[in-house]
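**Student:** My questions will all concern the structure given below.
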Amino acid sequence: MILNYLSVFVCSIVGALACFKLKNYLRKDVVLTSALLSFLVALVFYFMEFPTWYEEHVPRIFMGATFIGMVSEKVLSTYLGVFTAALIYGVMYVAMIDVYDGFGGFLGGIACVSILSVLAIRKTDDSKV
Amino acid sequence: MIKLRTAYRLLFFLLIALHLGLILVGIFQGDNYMAKLLIFTLVLLPTTVFYLYRAKAPNRLGYEKVTGLWIVIAASIITYYLNNDLLLGPTLAASSVALFASVFQFFFKNSKRYKIYINAVYCGAFVGMSSTMIVHNYVELLIASVVTGFIYIGTKYHLTGVGGKYGSIAFGGVAAAFFIFNLIR
């Protein structure tokens with residue numbers, strides 16, 4: 001169980017930071033970055049054998065985390081901010097997945113709320129939201 | 001007849017209600033007390049503070065063209081088919097639809113219209129990620145994607161650049177369809 005929780009947070013952080021970094025590196029459309037990363041992870045978990053819990057949850061957690069990485073630099077520009085948002089996203093996923101399992105848009109919803117939480121607790125007020 | 005300006009304000013409040021409703025239901029329905037406390041302190045309070053003090057209503061009112069609605073509906077149907085009929089799973093289905101659509105950016109480099117529509121594809125794909133336990137058939141999917149499409153059209157200048165915006169919108173559409181069909185049954 002602890003390993004499952006740990007994997008949630010690892011996937012959240014890796015997904016968010018990877019998408020944020022790749023988005024800045026590629027300078028292409030954010031949808032392409034997020035979709036490409038999610039597609040690769042989903043493909044690995046579709047064709048390879050993993051324990052059921054990981055097969056079901058890891059691609060979803062990763063895809064949701066890439067939404068955090070899609071945040072515009074004008075809104076949230078620091079890695080620390082993205083990291084914090086990913087942690088909050090992980091907490092929300094663990095706490096809410098039983099309630100919202102199967103709802104389309106749930107991952108995007110909690111990703112958006114976690115970014116808003118970070119924006120609210122930031123000291124500086126340069127966001128253009 | 002509601003004026004357009006009032007309609008856009010209502011959509012902005014709908015977006016706020018969606019986020020706060022999502023968190024509140026999570027707090028009240030969850031079994032884990034530690035998780036409830038964490039969501040309350042880490043998420044509900046800051047998000048409410050954000051909406052009370054930081055969120056600025058957009059200084060201009062704008063909407064996507066109605067084509068966005070059709071794209072949302074088409075993307076949701078394709079994703080739902082890949083997800084539940086071909087059993088690819090929600091992540092692979094949504095990401096493959098979005099990836100297929102975003103590959104076209106290399107052919108339409110200077111098209112502003114394309115950039116608008118790629119977001120509509122991703123938004124629709126999120127609706128199609130729903131499982132058959134929540135969205136039971138294509139009629140319910142159609143209602144969910146139409147509601148999503150209308151919210152998508154009206155929230156062009158709301159929360160721009162915040163990741164997960166289109167997911168929130170899709171969640172609103174799916175939740176609305178789920179609520180409507182639960183009332184009917």
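Just so you know, all these numbers are worked out from the coordinates, no wet-lab data involved. Predicted, not measured: the structure shown is a model, and the values here were computed from it. Don't worry about glycine lacking a Cβ; one is built from the backbone with ideal geometry, like all the others, and counts go over all protein chains shown.
**Student:** About the Cα centre of chain A, how large is the charge dipole given +1 on each Lys and Arg Cβ and -1 on each Asp and Glu Cβ? Please answer in debye to the nearest 20.
**Tutor:** 600 debye
**Student:** Projected onto the charge dipole of the stretch A:36-129 (+1 at Lys/Arg Cβ, -1 at Asp/Glu Cβ, origin at the Cα centre), which of A:F45, A:G90, A:G102 gives the Cα projection farthest towards the positive end?
**Tutor:** Working it through, the farthest residue towards the positive pole turns out to be A:G90.
**Student:** Okay, moving on. Assign unit charges at the C-beta atoms only (+1 for Lys and Arg, -1 for Asp and Glu), then state the dipole size of chain B relative to its Cα centre in Debye, rounded to the nearest 20.
**Tutor:** The dipole magnitude comes to about 960 debye.
**Student:** Which of B:R113, A:R27, B:R54, A:R60 has the fewest other C-beta atoms within 10 Å, and how do the rest follow up to the most?
**Tutor:** With the sparsest Cβ surroundings first, the list reads A:R27, B:R113, B:R54, A:R60.
**Student:** Residue by residue through the stretch B:45-52, what is 3J(HN,Hα) from phi via Karplus (6.51 cos²θ - 1.76 cosθ + 1.60, θ = phi - 60°)? Round to whole Hz and write x for glycine and proline.
**Tutor:** These are the phi-based 3J(HN,Hα) values: 4, x, 5, 5, 4, 4, 5, 6 Hz.
**Student:** Can you give the angle from 0 to 90° between the axis of helix A:2-26 and the longest principal axis of chain A, with both taken from C-alpha atoms, to the nearest 10?
**Tutor:** Rounded to the nearest ten degrees, it is 50.
**Student:** Report the charge-dipole magnitude of the stretch A:64-127 in Debye, nearest 20, computed about the Cα centre from +1 at each Lys and Arg Cβ and -1 at each Asp and Glu Cβ.
**Tutor:** With only Lys, Arg, Asp and Glu charged at Cβ, the dipole is about 160 debye.
**Student:** While we're on this one: Would you mind calculating the relative contact order of chain A from Cα pairs under 8 angstrom and at least 6 residues apart, reporting the percent as a whole number?
**Tutor:** The value is 33 percent.
**Student:** Another question about this same structure. In sequence order, what are the phi-derived ³J(HN,Hα) couplings for the stretch B:147-153 according to the Karplus relation 6.51 cos²θ - 1.76 cosθ + 1.60 with θ = phi - 60°, rounded to whole Hz, with x for glycine and proline?
**Tutor:** Once rounded to whole Hz, the list reads 4, 4, x, 5, 5, 4, 4.
**Student:** Express the Stokes-Einstein translational diffusion coefficient of the protein assembly as shown in µm² s⁻¹, to the nearest whole number, given a Kirkwood radius over alpha-carbon pairs, 20 °C and a viscosity of 1.002 mPa s.
**Tutor:** 112 µm²/s
**Student:** Could I ask something else about it? Would you mind ranking B:I118, B:I169 so that the residue whose beta carbon has the fewest other beta carbons within 10 Å leads the list?
**Tutor:** B:I118, B:I169
**Student:** Give the residue list of chymotrypsin sites (Phe, Trp or Tyr not before Pro) in the stretch B:104-160 that are DSSP loop and have at most 15 other beta-carbon atoms within 10 angstrom.
**Tutor:** Sparse-neighbourhood loop chymotrypsin sites (Phe, Trp or Tyr not before Pro): B:F107, B:F108, B:Y157.
**Student:** Pairing the Cα long axis of helix A:52-69 with the longest principal axis of chain A, what angle in degrees results, from 0 to 90 and rounded to the nearest 10?
**Tutor:** Relative to chain A, helix A:52-69 is tipped by roughly 10 degrees.
**Student:** Can you give the angle from 0 to 90° between the axis of helix A:79-100 and the longest principal axis of chain A, with both taken from C-alpha atoms, to the nearest 10?
**Tutor:** Compared with the principal axis, the helix lies near 40 degrees.
**Student:** Continuing with the same structure: Could you grab the relative contact order for chain B? Cα pairs under 8 Å, six or more apart, rounded to a whole percent.
**Tutor:** 27 percent
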